[in-house]
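Here's the structure, in C-alpha coordinates; my notes come after.
The values are calculated or read from the model by the stated rules, or taken from the named source; none is laboratory data. Because the structure is a prediction, the values reported are computed rather than measured. Quick reminder, even Gly has a Cβ in these numbers, built from the backbone with ideal geometry, and neighbours come from all protein chains shown. Side chains are part of the model used for accessible areas, which takes the heavy atoms of the whole protein and leaves out ligands, DNA and RNA. Shrake-Rupley method; radii C 1.70, N 1.55, O 1.52, S 1.80 Å.
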Amino acid sequence: MAKTLSRTEFGNPVLRMKARSVTQAFLKTPQFKALEKAMLRTMRSADGVGLAAPQIGLPVRIAVMELHPAKKGGRKKGPLTLVNPRIISYSKERKNDWEGCLSCRGIRGLVPRAKDIIVAYTDTSGKKRTEKASGLWARIFQHEIDHLDGTVYVDRMPDMRHLMTTREYKKRILKL
Ligand code: ZN
(Lines give C-alpha, C1' and ligand atoms only; values in the text may rest on other atoms or scores of the structure.)
Protein backbone atom coordinates (compact mmCIF):
# COMPACT_ATOMS: atom_id res chain seq x y z
CA MET A 1 0.00 0.00 0.00
CA ALA A 2 1.25 3.42 -0.88
CA LYS A 3 2.18 5.67 1.99
CA THR A 4 0.70 9.07 2.57
CA LEU A 5 3.14 11.88 1.99
CA SER A 6 3.85 14.77 4.28
CA ARG A 7 2.32 17.99 3.02
CA THR A 8 3.87 21.39 2.56
CA GLU A 9 1.99 24.36 4.01
CA PHE A 10 1.54 28.04 3.16
CA GLY A 11 4.86 29.76 3.73
CA ASN A 12 6.88 26.96 2.16
CA PRO A 13 8.70 28.43 -0.87
CA VAL A 14 7.88 25.35 -2.99
CA LEU A 15 4.26 26.56 -3.07
CA ARG A 16 5.49 29.79 -4.71
CA MET A 17 7.59 28.20 -7.46
CA LYS A 18 6.69 27.63 -11.07
CA ALA A 19 6.70 23.84 -11.26
CA ARG A 20 8.61 22.19 -14.10
CA SER A 21 7.07 20.09 -16.86
CA VAL A 22 7.14 16.32 -16.66
CA THR A 23 8.76 14.32 -19.49
CA GLN A 24 7.00 11.51 -21.33
CA ALA A 25 9.82 9.20 -20.23
CA PHE A 26 9.07 9.85 -16.54
CA LEU A 27 5.47 8.67 -17.04
CA LYS A 28 6.80 5.20 -17.88
CA THR A 29 8.83 4.84 -14.68
CA PRO A 30 7.76 2.97 -11.53
CA GLN A 31 8.58 6.20 -9.65
CA PHE A 32 5.75 7.99 -11.45
CA LYS A 33 3.27 5.19 -10.69
CA ALA A 34 4.30 5.24 -7.03
CA LEU A 35 4.05 9.01 -6.88
CA GLU A 36 0.57 9.03 -8.41
CA LYS A 37 -0.63 6.38 -5.97
CA ALA A 38 0.85 8.18 -2.99
CA MET A 39 -0.66 11.51 -4.09
CA LEU A 40 -4.13 9.98 -4.41
CA ARG A 41 -3.77 8.33 -1.04
CA THR A 42 -2.57 11.56 0.57
CA MET A 43 -5.47 13.54 -0.95
CA ARG A 44 -8.03 10.98 0.22
CA SER A 45 -6.64 10.60 3.71
CA ALA A 46 -6.89 14.38 4.12
CA ASP A 47 -10.44 14.34 2.75
CA GLY A 48 -9.43 16.63 -0.11
CA VAL A 49 -10.75 16.98 -3.66
CA GLY A 50 -7.40 17.82 -5.25
CA LEU A 51 -3.68 17.77 -4.60
CA ALA A 52 -0.84 19.23 -6.65
CA ALA A 53 2.74 17.96 -6.49
CA PRO A 54 4.15 21.17 -4.92
CA GLN A 55 1.87 20.41 -1.97
CA ILE A 56 3.99 17.36 -1.24
CA GLY A 57 7.19 19.29 -1.88
CA LEU A 58 7.76 18.44 -5.56
CA PRO A 59 7.82 21.34 -8.02
CA VAL A 60 6.60 19.27 -10.98
CA ARG A 61 3.45 19.69 -13.08
CA ILE A 62 1.35 16.82 -11.72
CA ALA A 63 -1.96 17.02 -9.87
CA VAL A 64 -4.68 14.60 -8.81
CA MET A 65 -8.38 15.35 -8.42
CA GLU A 66 -11.40 13.43 -7.20
CA LEU A 67 -14.90 14.44 -6.28
CA HIS A 68 -17.28 12.27 -4.29
CA PRO A 69 -21.05 12.55 -4.55
CA ALA A 70 -21.32 13.44 -0.88
CA LYS A 71 -19.24 16.57 -1.44
CA LYS A 72 -21.57 19.44 -2.24
CA GLY A 73 -24.12 17.09 -3.75
CA GLY A 74 -22.15 16.66 -6.97
CA ARG A 75 -21.66 13.57 -9.09
CA LYS A 76 -18.63 11.41 -8.54
CA LYS A 77 -15.79 12.57 -10.74
CA GLY A 78 -12.33 11.15 -11.11
CA PRO A 79 -9.96 10.07 -9.83
CA LEU A 80 -8.08 12.03 -12.46
CA THR A 81 -4.35 12.53 -12.75
CA LEU A 82 -3.18 15.58 -14.68
CA VAL A 83 0.26 15.86 -16.19
CA ASN A 84 1.43 19.22 -17.57
CA PRO A 85 -2.11 20.66 -17.51
CA ARG A 86 -3.01 24.09 -18.80
CA ILE A 87 -6.28 25.92 -19.12
CA ILE A 88 -6.84 26.89 -22.72
CA SER A 89 -10.14 28.71 -22.35
CA TYR A 90 -12.13 30.41 -19.57
CA SER A 91 -15.78 31.40 -19.67
CA LYS A 92 -16.47 35.09 -19.13
CA GLU A 93 -18.99 34.11 -16.51
CA ARG A 94 -17.44 33.84 -13.08
CA LYS A 95 -18.79 32.49 -9.86
CA ASN A 96 -17.85 33.05 -6.23
CA ASP A 97 -17.52 30.04 -4.00
CA TRP A 98 -15.68 28.99 -0.87
CA GLU A 99 -12.36 27.23 -1.15
CA GLY A 100 -10.00 25.58 1.24
CA CYS A 101 -6.59 24.07 0.62
CA LEU A 102 -4.78 21.04 2.01
CA SER A 103 -1.76 23.31 2.43
CA CYS A 104 -3.63 25.64 4.75
CA ARG A 105 -5.85 23.76 7.09
CA GLY A 106 -8.49 25.51 9.12
CA ILE A 107 -9.08 28.42 6.72
CA ARG A 108 -11.65 29.09 3.98
CA GLY A 109 -11.96 31.94 1.51
CA LEU A 110 -14.42 33.22 -1.07
CA VAL A 111 -12.80 33.01 -4.52
CA PRO A 112 -14.16 34.06 -7.93
CA ARG A 113 -13.40 31.50 -10.67
CA ALA A 114 -14.48 31.00 -14.28
CA LYS A 115 -17.66 28.93 -14.32
CA ASP A 116 -16.56 26.85 -17.32
CA ILE A 117 -13.11 26.06 -18.64
CA ILE A 118 -11.41 23.95 -21.27
CA VAL A 119 -8.28 22.26 -20.01
CA ALA A 120 -5.57 20.42 -21.92
CA TYR A 121 -3.34 17.89 -20.18
CA THR A 122 -1.39 14.68 -20.68
CA ASP A 123 -2.88 11.55 -19.12
CA THR A 124 -0.88 8.89 -17.30
CA SER A 125 -0.38 6.91 -20.51
CA GLY A 126 1.18 9.93 -22.20
CA LYS A 127 -1.84 10.74 -24.32
CA LYS A 128 -2.86 14.38 -24.81
CA ARG A 129 -6.41 15.13 -23.76
CA THR A 130 -8.77 18.08 -23.77
CA GLU A 131 -11.66 18.32 -21.35
CA LYS A 132 -14.49 20.74 -20.73
CA ALA A 133 -15.38 21.30 -17.10
CA SER A 134 -17.90 23.38 -15.23
CA GLY A 135 -18.92 24.27 -11.72
CA LEU A 136 -17.05 22.73 -8.83
CA TRP A 137 -15.02 20.43 -11.08
CA ALA A 138 -13.83 23.45 -13.11
CA ARG A 139 -13.00 25.22 -9.84
CA ILE A 140 -10.82 22.32 -8.70
CA PHE A 141 -8.93 22.37 -12.02
CA GLN A 142 -8.29 26.09 -11.61
CA HIS A 143 -7.19 25.73 -7.98
CA GLU A 144 -4.80 22.82 -8.69
CA ILE A 145 -3.32 24.28 -11.87
CA ASP A 146 -2.71 27.54 -9.97
CA HIS A 147 -0.56 25.51 -7.54
CA LEU A 148 1.72 24.54 -10.46
CA ASP A 149 2.37 28.23 -11.10
CA GLY A 150 3.05 29.17 -7.49
CA THR A 151 -0.38 30.69 -6.93
CA VAL A 152 -2.52 29.91 -3.91
CA TYR A 153 -6.24 30.65 -3.63
CA VAL A 154 -5.87 33.58 -1.25
CA ASP A 155 -4.02 35.39 -4.09
CA ARG A 156 -7.27 35.22 -6.07
CA MET A 157 -9.43 36.71 -3.33
CA PRO A 158 -10.56 40.26 -4.15
CA ASP A 159 -11.67 40.85 -0.55
CA MET A 160 -9.66 39.41 2.32
CA ARG A 161 -12.57 40.08 4.66
CA HIS A 162 -14.01 36.91 3.13
CA LEU A 163 -11.35 34.77 4.75
CA MET A 164 -12.57 32.77 7.71
CA THR A 165 -11.72 29.85 9.91
CA THR A 166 -13.30 26.50 9.04
CA ARG A 167 -15.14 26.68 12.35
CA GLU A 168 -16.80 30.00 11.45
CA TYR A 169 -17.36 28.77 7.86
CA LYS A 170 -19.26 25.73 9.14
CA LYS A 171 -21.32 27.89 11.47
CA ARG A 172 -22.07 30.80 9.12
CA ILE A 173 -22.00 29.36 5.61
CA LEU A 174 -22.85 25.69 5.97
CA LYS A 175 -25.12 26.46 8.96
CA LEU A 176 -24.01 23.28 10.70
ZN1 ZN B 1 -4.67 23.97 -2.64
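General remarks:
- Counting 0.36 nm for each residue step from residue 97 to residue 123 and taking away their Cα separation leaves a gain of 6.6 nm.
- Gaussian network model of the chain, Cα within-10 Å springs - most flexible of 108, 129, 44: 129
- Under the combined filter of DSSP loop state and at most 13 neighbouring Cβ atoms within 10 Å, region 73-176 retains these GluC sites (Glu not before Pro): 93.
- Once the 1.4 Å probe is applied to the protein heavy atoms, region 1-145 comes out at 52 Å² accessible per residue.
- Label point distance in nm, residue 175-residue 18, each placed 7 Å from Cα along Cα→Cβ: 4.6
- Nearest-ten-degree value, helix 30-45 long axis tilted from longest Cα axis of the chain: 20
- The radius of gyration of the Cα set in the chain, together with its Dmax, comes out at 15.6, 49 angstrom.
- Using a probe of 1.4 Å, the accessible surface attributed to residue 21 totals some 80 Å² when neighbouring protein chains are kept in position.
- Calculated [θ] (222 nm, deg cm²/dmol) that DSSP helices of n ≥ 4 give over the chain, each run adding -39,500 (n - 2.57): -6500 deg cm²/dmol
- Helix 135-147 vs. the chain, principal-axis angle (Cα, 0 to 90°, nearest 10): 60
- Based on Cα contacts under 8 Å between residues 6+ apart, region 4-112 shows a relative contact order of 25 percent.
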